[in-house]
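Please treat every number below as a calculation from the coordinates, not as lab data. These numbers come from a predicted model, not from an experiment. Cβ sites come from the backbone with ideal geometry, for glycine too, and all protein chains shown count toward neighbours.
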Amino acid sequence: MTQILLETDALTVRFGGHVAVDAVTCKFPAGELTAIVGPNGAGKTTYFNLISGQIAATAGTVTLKGQDITRLGVAERCRRGLGRAFQLTNLFPDLSVLENLRLVIQSRKHNGFGLFSMADSHTELTAEASEILERVRLDTQKDQLVTELSHGDQRKLEVAMLIGLDPLVYMFDEPTAGMSVDEAPVILDLIAEIKADTSKTVLLVEHKLDVIRTLADRIIVLHNGALAADGPPAEVMASAVVQEAYMGKELDHV
Amino acid sequence: MTAAPDHRPTFADVSLGERLDKAMPFLLIPILVVLGFFAIGAPSSWLTLTVSGLAMGMMIFIMASGLTLVFGLMDVINFGHGAFVSVGAFVGVSVLIALGDWTGATSLLLNMSAVFLAVVAAMTVTGALGWVFERVIVKPVYGAHLKQILVTVGGLIVIEQLIHVIWGPDEIFINRPEMLKGAITFAGAAMEKYRLLAVGIGAVLFIAMRMILRRTKIGLIVRAGVENGPMVEALGYRLRVVFVGVFIAGSALAGLGGVMWGLYQEVITAGMGERMMVLVFIVAIIGGLGSVEGAFIGALLVGLLQNYVAFLEPKLALVSNIALMTAILMWRPQGMLPVVKAK
Amino acid sequence: MIVRLISGDTPRSPILTALLLLILICLAGAPFLFEGVRALDTAARICIFILLVAGYDLLLGYTGIVSFAHTMFFGMGAYGVALASTHMGRGFDALLVGTVLGALAAIVLALLIGLFSLRVRAIFFAMITLAVASAVAVLVSQFSDITGGEDGLTYKIPRVLTSANRMGEVMGVKFTGKILNYYLIFFSSLALFLLLLRIVNSPFGRVLQAIRENDFRAEAIGYRVVWYRTAATCLSAATAALAGSLFAIWLRYVGPDTTLSFEIMLDILLMVVIGGMGTMYGAVLGAVLFVLAQTYLQNLMGAASHATEGLPLIPELVDPDRWLMWLGILFILSVYFFPTGIVGRLRRQRTT
Amino acid sequence: MSDPILTLKDVYTDIAQYHILQGVDFEVPRGEVTMLLGRNGVGKTTTLKTIMGQWTAKSGEILYNGQDLKRMPVSARARAGIGFVPEDMGIFSDLTVEENMVLGASSGPLDPKRKEWLLGAFPALGTFWNSEAGNLSGGQKQMLSIARAMAEDRELYLIDEPTKGLAPAIIATMANALRDLKAQGRSILLVEQNFSVAKALGDSAVVMDDGRVIWTGAMAELASNKDLQESLMGLSMEAH
Amino acid sequence: RIAHVYGKTGPFEAYAAQSHNGLKLGLEYATDGTMEINGEKIVIIEKDTQLKPDIGRAQLEEAYGDDDAHIAVGPVSSGVALAMLPVAEEYERVLIVEPAVADSITGANWNPYIFRTGRNSSQDAIANAVALGGENVAVATLAQDYAFGRDGVAAFKEALEGTGATLAHEEYVPTDTTDFTAAAERIFNAMSEVEGEKKLFIIWAGGGNPMSKINAMEPSRFGVEIATGGNILAALKAYKELPGMEGATYYYYEIPQNPVNDWLVKTHFERFDSPPDFFTAGGMASGIAIVEAIKKAGGAEDTEALVAAMKGLTWETPKGTMMFRPEDHQAMQTMYHFRTEIQDGKDYGVPVLVREIGMDEMEIPVRNQ
Ligand SMILES: Nc1ncnc2c1ncn2[C@@H]1O[C@H](COP(=O)(O)OP(=O)(O)OP(=O)(O)O)[C@@H](O)[C@H]1O
Ligand SMILES: Nc1ncnc2c1ncn2[C@@H]1O[C@H](COP(=O)(O)OP(=O)(O)OP(=O)(O)O)[C@@H](O)[C@H]1O
Ligand SMILES: [Mg+2]
Ligand SMILES: [Mg+2]
């Protein structure tokens, strides 16, 4: 059997009385892409936040490669191989595109406390960053500040930063939202590439059903914070619960 | 139209502890007063200290109220507030000196009219000054704390120096109106009459501010404007007008605070407002930014604690405010009743 | 070689380069280029403030932390030297011990403040440091047995460094110990400044900038933000303490007003902002400009008030006694006209 | 048919030293839904912001009900009847959902009928009526932004990518809400990447590239012509 | 050449102006209006310390070094003064300290080039002790909690012992205290247990005005009377609420009866249309001292001669005869025991002389060893 990279056990969080994630137990093996779907406010992003440590769990555990990481801070989890991109763009606005990416790679190389070397002398960082920018087609904008990018380009940089981090667990939160039809495939191809690497696992939150259909090996459905379905795409998509709660009637038939 | 599918989230019960935690800020004052009673022992001393501590708190609140608007709501760190306090005091005291016959008379009515006129004059002048200050000094630096600190300190220095130019470099001594001198003794406790007046004004001010901020959209517009000004304008509000208005109000309140504080101290100097700034900032912070209730509770806490500690262990009085602030921020990192989240 | 010395951080503007060179030459040759105690004193003060301000910029401009406790660390360095010189007697060993202990104490305190309160929001941190700094200032005046209270401490430094030590003439100028003392300060400041320049251009410096921009995201890509912030605070505190030690060596006096007061804190802030936040060179320009203004504004105004005698009101306003008011106006105008600081301005001019 | 509610004539907009809009020309007919389409970074958002006044047009005319908007401040444009849903949603995250909605109704208190209508379309907002808007999920924020713009009756709505991050079921109800608006005679200028929404809602379409309008016409025509789509946007929109 | 190095700008601006006027009047008086000594013109150089010790020090260096001043006078603040002392030693020039009061100026930090015409805090405290003390008197003190306050109380306490009075309670509060309720309560509680004539002596510098606040709490309920030292004219306003209050003062223009003071009051009214104040008198005393010293030494060039001449110098001032005592160069002088009265036409409490406390009545310790 393939190795289980990430595992959540009865993971729960409450905000006041509101149970946003409700005892979610799930395993994510290497080499698999899991799509997480569910209505707005179902708890998908919150589930990500719990895994990557942005918010503390009320109960339950998160396990990475067999180690309990529930009590660790965000940075520590990241260093152990949890990487995520954000649903709402979240970058370093007044630094250049290239610098944004270099910071990510520098962090992976554990080079943050180098006090007395010159940053610009680390050419290997620059080279790697440029290469990734080329892959997401941002190389022409690499000296612009992030504030000067259009929304769609910022989304691309968001994805590029996750790739730069090269983690074991990739978490994408609606990577293609706001991306135009000709750009989205570039990103989706990249995700497909990552998925092909059998030592990684990918978690993908997405509302576009066609994207899920083409990429996902497995779908889990969150509803009101709880795990409502888990299985291969075709099966889950066909289930009545999902149809009812999530997709409503397809637009074209309205 | 079709209704969207409804997804009711799961709700669990909120425990008693969490509820108590919510109400805690309001309980702090009674708790402190009771603790004070046991620590002090002598009932008459306790009574004196408690009442005068509350009154001192009210005066601090009057000075801090304007800052709660400007710093708490508008997110402008305005060190110029201290200068407005001073200007208020100088204008008010000048009026009182000019009305020497009224203040010297043993008629409560005449005395209070003089004080009233002094307050009106002070608030008008500081309000107008606030208007100029906003236009010339603060407008270009909204959203930039550091620059705010610098320009408003610049403004502070300039205004203080102008006070020197206009009123001369000497400190001015002023006696309180006849009927506000002295104290009332009750059950062995002495209570300055003037402090009673401060309590009255503070209470009225508190209620008025609360009403205005609750009943109108002004508070909302300012808070939203600080976070995302262009969006507020895109919804159709003239943000500039609201900001200027609130700033003027804050400055005028500083003027009121100045008159009250000047009359309490009975001696005014150009630097008097500046000296109060740290304390006033502490009050605004522990109360929680933008919260009139918080500033009110905070001011009373500061007043009480200062008195109790000064009585029990004078050496510690010095650090009591800082200790209070640190303790409250450790307990509630955003202050007691934050309306605006600190950045 | 020079590029390496300044860590690849070139001024990126011809005017700026010229200005910086001019300043360097003036400071390096101060004892020989200018006459009088006042000029030398001003030059020494400029060196010390450049260092102090550059250290503060590391915190403020690069990491985005607003702290009002910088003078406190400055004071710790100064008092370190003062206390050591008082208790150990005059001597270089006292200066050394005082400097080292002062810097260590500053680092420890910075560590405590950092770990304790960098978790609260930025403005609150600023206010906490403000409160702590004012408390320390009060404590210093309280414990007058140790610190000399309000009156401060006066002490002696090694004779070699005072004007009593005459070492002959160089280029027509009496080369005294005082000039030696000046060079001690000049070269220490220069070396430390270059070190700071290296730090802000290191990978560490980049992380600080990232934290300034978006600490939440910095944490999410694996940087432990609190540690970086604390490290920056400690570095900055240590620099301030060293600057304080130099100041104490130069002045042979320390007191709360010269090292701990809030006014100095504001001066530092203004220097950073006038010069340009987030650029080490800004610290240089800001410090030079401000110290010069502080020293010579009054003379200038004296002249102005003389010239306008007879006019109504104006002489009153430009009276030398009103120099503080003009300082206030300077505060306001400089923020107006140099929103990105002088350095920002000079650099932008080139690109457009 | 009556005159268009909004007309852009040869509009140029600069952001800092960049020339972003370079002669934008199109009309928004009264009572219709006009789609503004194009790839990432071509200037759609900039166009909306220029209409709203958040960027200033360097030259050209923006006529709203026959009146040139160019000298009007942003708030006056809003009071003249333009509602705006920005790309980044512009949520006031420190305020509660209710407070956001109250601010949405800028000329008076929030009308209870309208509130009911909006809560019917976006029930999640009702559930979180008193919680801080900053804590909402991405999609809930999007709903709030749309609902807030509609909290008051306006003549023209500028809406920037409303469906991003919304679950399919919510997209359907949102589309219905927009249809209701249209039925009330309101006009809408809509930027959208989701082609099926564009097809279902749009009456006419404006396609931009590189700061210019490269095609205008009926939405139906664009939707049915794959070659046209490919030549305008480099890709058939139903490809994935 | 004389340099006046003082805090022209900053919080003590008002005092500085008085001091400067006084100095000039003193020079004028002592040279009969010629402003010349032995035919040489007096040049006054003004330097602003901005109340900062480091700047004061630099200004003094500049005065001695660049401007070649022979004698310097100043400053207002003790902190600045202490920073300036070593400069005088280094340049071997005379510095007359006026009006800074810290004991240590002529105490621990003294050097042979330092003279002081102003009073020191012990003089103040001892004079007050002499004025207030007596058999069966119990005194409580209220002072600011820093060196000035504590030293003052210590000196006061020492002097009080000689008078038969007892010190019942010492209360110290932070310098910036504005609310005195707690301190007053503590004092009242302590004093309610002691017998005899009860007095509360307040040593206070700067704003805050504890007197009227404590008075408002009706100390008479406990039989306590408030007492304090003299103050500048503006501050006497606060004394108006306390008629009958006693204490010892340094100067009030109607108290001293001597030709120098008569001239000063008259000239001051003519020139400035106001009575001379504390620091005017002090400034004048230093001005006269300079002229007398230079005359006696036969010139200002030779510092050693000047110092020798000044040791033990006695001269006439608005406050009567003063003398630099040889040990620590502190000017010995008369102080005045006063009682406050309300007088028509004056909006302040007027200190009326009870008796003069001559310099031999006060044992001012020498502390420069
Ligand atoms: N910090 C918080 N405090 C209070 N409530 C929160 C907080 N974070 C999330 N919530 C609530 O938890 C619920 C789940 O939010 P979450 O962001 O996980 O949804 P989501 O599944 O990602 O939805 P979307 O598809 O719209 O992004 C929402 O109802 C939201 O209001
Ligand atoms: N603040 C800015 N400073 C400089 N350039 C900017 C700024 N904002 C946008 N731009 C540039 O303007 C161009 C148009 O941006 P705009 O946001 O209008 O594109 P868009 O069509 O809305 O794209 P998207 O579909 O990605 O949202 C982009 O190339 C972008 O880089
Ligand atoms: Mg989400
Ligand atoms: Mg866009």
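Does the range E:265-343 come out rounded, prolate or oblate by the C-alpha gyration tensor, with a ≥ b ≥ c the root eigenvalues, rounded set by a/c under 1.5 and, if not, prolate when a/b is larger than b/c and oblate if not? Oblate, since a/c reaches 1.5 and b/c is not below a/b. From least to most packed, judged by other beta carbons within 10 angstrom and beginning with the fewest, E:T181, E:T303 follow the order E:T303, E:T181. Taken as Cα centroids, the range A:28-93 and the range B:234-261 sit 45 Å apart, rounded to the nearest whole angstrom. Neighbouring Cβ atoms from other chains, within 10 Å of the Cβ of residues in B:155-162, number 6 on average. Below 26 Å Cα-Cα, how many Lys pairs turn up in chain A? Only count pairs eight or more apart in sequence, or on different chains, if you could. For chain A, the number of qualifying lysine pairs is 25.
For the Cα atoms of chain A, what angle does the longest principal axis make with the long axis of helix A:151-165, in degrees from 0 to 90, nearest 10? Tilt relative to chain A: about 80 degrees.
In terms of the mean number of neighbouring beta-carbon atoms within 10 Å, the peptides C:131-140, B:324-333 order highest first as C:131-140, B:324-333.
For the peptides E:142-148, B:68-74, C:19-25, the ranking by packing is B:68-74, E:142-148, C:19-25, with the highest mean count of neighbouring Cβ atoms within 10 Å listed first. For a test of the definition: using alpha carbon positions, the gyration tensor, and the 1.5 limit on a/c, classify the range A:41-150 as rounded, prolate or oblate. Here the range A:41-150 falls in the oblate category. When the Cα positions of E:I55, A:Q87, E:G164 are compared along the charge dipole of the protein assembly as shown, A:Q87 comes out farthest toward the positive end, with charges on each C-beta of Lys, Arg, Asp and Glu. On the beta carbon distance between C:L297 and A:F15, with R0 = 60 Å, the FRET formula returns roughly 0.60. Computed on chain C, with alpha-carbon pairs under 8 angstrom and 6+ residues apart, the relative contact order is 29 percent.
Within 14 Å, Cβ to Cβ, of B:L300, how many net charges do the neighbouring residues add up to if Lys/Arg are +1 and Asp/Glu are -1? My count for the surroundings of B:L300 gives -1.
Candidate cross-link partners of B:K193 among the lysines, defined by an alpha-carbon separation under 17 Å and a same-chain spacing of 8 or more, comprise B:K181, E:K213. Remark: chain C is approximated by an ellipsoid whose semi-axes, taken from the C-alpha gyration tensor as √(5λ), come to 30, 27, 23 Å, largest first. For the pair E:F269 and C:E263, label points projected 7 Å from Cα toward Cβ lie 3.8 nm apart. Shown for chain C are the DSSP H helices of 18 Å or more along their axis, judged by Cα atoms, with a mean Kyte-Doolittle hydropathy of at least 0.0: C:14-28, C:36-57, C:70-88, C:92-117, C:122-142, C:177-200, C:225-251, C:262-275, C:280-307, C:323-337. Take the Cα of C:T17, step 7 Å toward its Cβ, do the same at A:A23, and the gap between the two points is 7.1 nm. Relative contact order, whole percent, for the range B:61-331 stands at 38, derived from Cα pairs under 8 Å and 6 or more residues apart. The Cα atoms of chain E define a convex hull whose projected area, averaged across directions, is 17.1 nm². Relative to the dominant Cα principal axis of chain A, helix A:97-108 is inclined by about 80°. Entry note, chain E: relative contact order of 19 percent, from Cα contacts under 8 Å with a spacing of 6+ residues. Residue by residue along D:134-141, Cβ atoms of other protein chains within 10 Å of the local Cβ number 6 on average.
Calculate how steeply helix A:123-135 sits against the longest principal axis of the alpha-carbon atoms of chain A, using the helix alpha-carbon long axis, and give the answer as 0 to 90 degrees to the nearest 10. For A:123-135 against chain A, the angle is about 50 degrees.
Per residue of peptide C:270-282, the mean number of Cβ atoms on other chains within 10 Å of the residue Cβ is 1.
A straight Cα-to-Cα reach below 21 Å connects D:K115 with the lysines B:K217, D:K141, D:K182, residues fewer than 8 places away in its own chain not being considered. Annotation: for a label point projected 7 angstrom from Cα along Cα→Cβ of B:A128, residues of the range B:160-174 with backbone N closer than 20 Å are B:160-168. Divide the volume of the convex hull around the Cα atoms of the protein assembly as shown by the residue count and you get 191 Å³ per residue.
Straight Cα distances below 20 angstrom link E:K47 to the lysines E:K8, E:K24, with same-chain residues fewer than 8 positions distant left out. Among the helices of chain B, those built from whole DSSP H runs whose Cα atoms reach 20 Å or more along their own axis and whose mean Kyte-Doolittle hydropathy is at least 1.6 are B:80-98, B:108-133, B:272-287, B:292-312. Work out the charge dipole of the range B:61-331 with +1 on the Cβ of Lys and Arg and -1 on the Cβ of Asp and Glu about the Cα centre, then indicate which of B:L235, B:N307, B:G82 is farthest towards its positive end. The residue sitting most towards the positive pole is B:L235. Residues B:S291, A:S52, ranked from the fewest to the most other C-beta atoms within 10 Å, line up as A:S52, B:S291.
Legend: ranking of residues C:L260, C:L40 from fewest to most surrounding C-beta atoms inside 10 Å; resulting order C:L40, C:L260. Treating r as the C-beta distance of E:D347 and E:E197 and R0 as 30 Å, the FRET efficiency rounds to 0.50.
If every alpha-carbon in the range B:61-331 counts as one equal scatterer, what log10 I(q)/I(0) does Debye give at q = 0.09, 0.17 1/Å? Calculated log10 I(q)/I(0) at the listed q: -0.42, -1.40. Between D:E116 and D:E61, the contour length at 0.36 nm per residue exceeds the alpha carbon distance by 16.0 nm. Take the range D:106-187, drop everything but the C-alpha atoms, weight them equally and run the Debye formula without solvent; then report log10 I(q)/I(0) at 0.15, 0.19, 0.20 Å⁻¹ to two decimals. At q = 0.15, 0.19, 0.20 Å⁻¹ the computed log10 ratios are -0.52, -0.86, -0.95. Histogrammed with a bin width of 5 Å, the alpha carbon distances of chain D distribute as 1, 6, 14, 18, 19, 17, 13, 8, 3, 0 percent, first bin at zero. Near E:S122, once Lys and Arg are set to +1 and Asp and Glu to -1 for all other residues with Cβ below 9 Å from its Cβ, the sum equals -2. I'd like the distance separating the alpha-carbon centroids of the range C:201-243 and the range D:132-201, in whole Å. After rounding, the separation between the Cα centres reads 42 Å.
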